[in-house]
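The values are calculated or read from the model by the stated rules, or taken from the named source; none is laboratory data. Model, not experiment: these values are computed from the prediction. As a convention, Cβ positions derive from the backbone with ideal geometry for all residues, glycine included, and neighbour counts pool all protein chains shown.
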Amino acid sequence: SLSIGIVGLPNVGKSTLFNALTKSGNALAANYPFATIEPNVGIVGVPDARLGKLAEIFGSARILPAKVEFVDIAGLVRGASEGQGRGNQFLANIRETDAICQVIRVFADPDVTHVDGDVSPQRDIETINTELILADLQTLEKALPRLAKEAKFNKDRKVALDAAEAAVKVLDSGTTLYAGAKAAGIDPADIRELHLLTAKPFLYVFNLDADELTDTELRDRLSAIVAPAEAVFLDAKIESELVELSDEEALELLQSVGQEESGLSQLARVGFETLGLQTYLTAGPKEARAWTIRRNATAPEAAGVIHTDFQRGFIKAEVVSFADLVEAGSIAAARSAGRARIEGKDYVMRDGDVVEFRFNV
Ligand code: GDP
């Protein structure tokens, strides 16, 4: 499955946040028979109000939300690209993830020292991006002679060479490829083979003091620094308390700091979107469940997420949109109202499709 690597400088609240993620993941994993959780992996359910409604309609015994996997990637310090700290291990670990989530300290707390003396979100973002950019430049430096050689004999390889050279220019200007590739005319597919770190999608978690959570001016300023990447604002300390509380107590604590939803929930949702994922839904007496697929997946691909046999033996899918199902009130009523569509193997799934697959085994 796809994963998001969490990185951050020391003392920004990364472990605090990650422990909260792991706690909420343990609760979730109890529902998933095959979910083994490693110490550096945290799994969060993507909040989806539609599942509750589906469970009502179908009398489902339990609800299984889509999940997002976060991996704690230790060892990011200034000089990591030069092998400082555990720099090489850090770079190897982050290379395996599908997106990068940077945790950025905003909270002031004078008792918690900052590695660079004072709290400065903008400088910390630049420090992290510089390390990632330097690592990519090293990768490119190594790859360019090989690409140049291949391009001499193979016209297709010239495309990769040109893209790699353009990437060097973007990175040399201090811009990540995620932010700058498009404007430079680089097709990400042409440099995918290099697994460049800054070409991965980025998202940001700003770790605020509780009283800053409602400071819209501050939030707008921070969002502007990282755009077009998405930003999530939370207080890691509060998140670590929320996972210990009952639902009612948690809601009370959230409301006391002017929030409606936990930071972890927001992080799960934003992470899901950043990974380019969407869900479709299934429901029955046993469970109402959201299944994760890539955006624009076809019906057989979607079936394959449940079981590879479903994809291999795919015949057709019965699809009702969530809105139509709720309006009809039951699957039988949706069918007799002509709202249940039979779709074939070329059907491209839409977010919120409620599906039943027909297949040969
Ligand atoms: P890491 O080095 O980034 O993993 O940081 P930790 O999660 O270990 O946090 C470092 C210190 O900062 C600990 O003493 C935390 O209790 C504290 N801390 C973490 N998050 C917050 C926060 O949101 N507000 C405040 N005031 N302290 C925090």
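Condition check: within 14 Å of the ligand (Cβ to nearest atom) and of a type in the set (Asp, Glu). Does Asp109 satisfy that? For Asp109, the condition - within 14 Å of the ligand (Cβ to nearest atom) and of a type in the set (Asp, Glu) - is met. The residue of the stretch 1-60 that is modelled with the highest pLDDT, among those that are away from the ligand (no atom under 14 Å from the Cβ) and aromatic (Phe, Trp, Tyr), is Phe58.
If you check Ala317 against the conditions, is it more than 23 Å from the chain's Cα centre (by Cα) and part of a strand (DSSP E or B)?
Details: more than 23 Å from the chain's Cα centre (by Cα): yes; part of a strand (DSSP E or B): yes.
Judged against the criteria, Ala317 is a match.
In the stretch 1-14, the residues that are in a loop (DSSP other than H, G, I, E, B) form Cβ pairs under 9 Å with partners that are away from the ligand (no atom under 14 Å from the Cβ) and among the hydroxyl-bearing types (Ser, Thr, Tyr), at six or more places apart or across chains, as follows: Ser1/Thr292; Leu2/Thr97; Leu2/Thr292. Applying the criterion of at least 3 residues that are over 26 Å from Ala224 (Cα atoms) to the helices (runs of 4 or more DSSP H) found wholly in the stretch 88-192 leaves 121-153, 155-172, 188-191. Could you list all residues from the stretch 77-106 that are touching a helix residue (DSSP H, G or I) at 6+ places or on another chain (Cβ under 6 Å), within 13 Å of the ligand (Cβ to nearest atom) and more than 24 Å from Val46 (Cα to Cα)? Result: Val106, single match.
With respect to Gln278, is the statement that it is more than 22 Å from Ile125 (Cα to Cα), of a type in the set (S, T, N, Q) and at pLDDT 95 or above true?
Numbers: more than 22 Å from Ile125 (Cα to Cα): yes; of a type in the set (S, T, N, Q): yes; at pLDDT 95 or above: no.
Answer is no for this residue.
I'd like to know if the stretch 282-304 contains one or more residues that are part of a loop (DSSP other than H, G, I, E, B) and farther than 21 Å from Leu64 by Cα. Looking through the stretch 282-304, at least one residue is part of a loop (DSSP other than H, G, I, E, B) and farther than 21 Å from Leu64 by Cα. Residue pairs whose Cβ atoms lie under 7 Å apart, sitting 6 or more positions apart in sequence or on different chains, and linking a residue in the stretch 16-30 that is more than 12 Å from Pro65 (Cβ to Cβ) to a partner that is within 16 Å of the ligand (Cβ to nearest atom) and at pLDDT below 75, do not occur here. Does the stretch 230-248 hold any residues that are more than 18 Å from the chain's Cα centre (by Cα) and not in a helix (DSSP H, G or I), and which are they? Residues satisfying the conditions are Asp235, Val243, Glu244, Leu245, Ser246.
When the residues of the stretch 65-87 are narrowed to those that are modelled with pLDDT of 85 or more and in a loop (DSSP other than H, G, I, E, B), which ends up surrounded by the most Cβ atoms within 10 Å (Cβ to Cβ)? Spell out the reasoning first.
Within the stretch 65-87, the subset modelled with pLDDT of 85 or more is 65-73.
With the extra rule that they be in a loop (DSSP other than H, G, I, E, B), the set shrinks to 65-66, 73.
Details: Pro65: 20, Ala66: 23, Ile73: 25.
Step by step, filter the stretch 65-87, then rank; the result is Ile73.
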